[in-house]
Structure formats: C-alpha cells, structure tokens
Amino acid sequence: MRFDCLVKPWFSQNRCMTDQAPRLQFDLDADAIRLLHRSVAYYLERWPGGPDPREQQDLQTLQRLLYAALLECTLHEDGQR
C-alpha cells in the first residue's frame, strides 16, 4: 500500500511543519501499518505530556490516519477474495 497519499494531508495540517519541510514517501504493507498504529496507540496511552499540547493532537491525527490505512488494507484484501 502506498502511504504517501495518506501522509501528505496530515503533514499539510500539522502546524509544526513548514512549506520547506521535506516530504517523505513510504511503501508499507498491512503488517507494517498495523505495527505503526499499535505503537502510536501505545505511546498515546502513556503520553507523558509536554510543553506543546499539539504533540498529542498530532499523535491522535496520526493514529486516525493509520487506522484509516488499516481499513483500506482490509477493504483491499476483502476485494481480492
């Protein structure tokens, strides 16, 4: 699954990023997306706080983004059956 289509909207909404920020592209399979989603969820559950509350908001956005990617993978897999 190409992850760049999903990452770019998140980066454009992220207030910490500037227009000059590098753009990254990842090709991830469902297992990698699932691992990233679990990692972000784990960190959010144990989020220690920080000086910038937008960090937690950005993590929540990333978690939703990864969940949407997992749903896309599931739909794709179901369509292959």
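Rule-based calculations on the coordinates, nothing more; no lab input. These numbers were taken from a predicted model, which means no experiment stands behind them. Virtual Cβ from ideal backbone geometry, glycine too; neighbours counted across all protein chains shown.
Values as computed for the structure displayed
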item	result
Chain lengthening between Asp78 and Ser39 when straightened (0.36 nm per residue, less Cα-Cα)	11.5 nm
Residues of the stretch 18-62 with amide N under 15 Å of a point placed 7 Å along Cα→Cβ from Leu70	29-45, 60-62
Residue exposure sequence - Leu62, Leu35 - by fewest surrounding Cβ within 10 Å	Leu35, Leu62
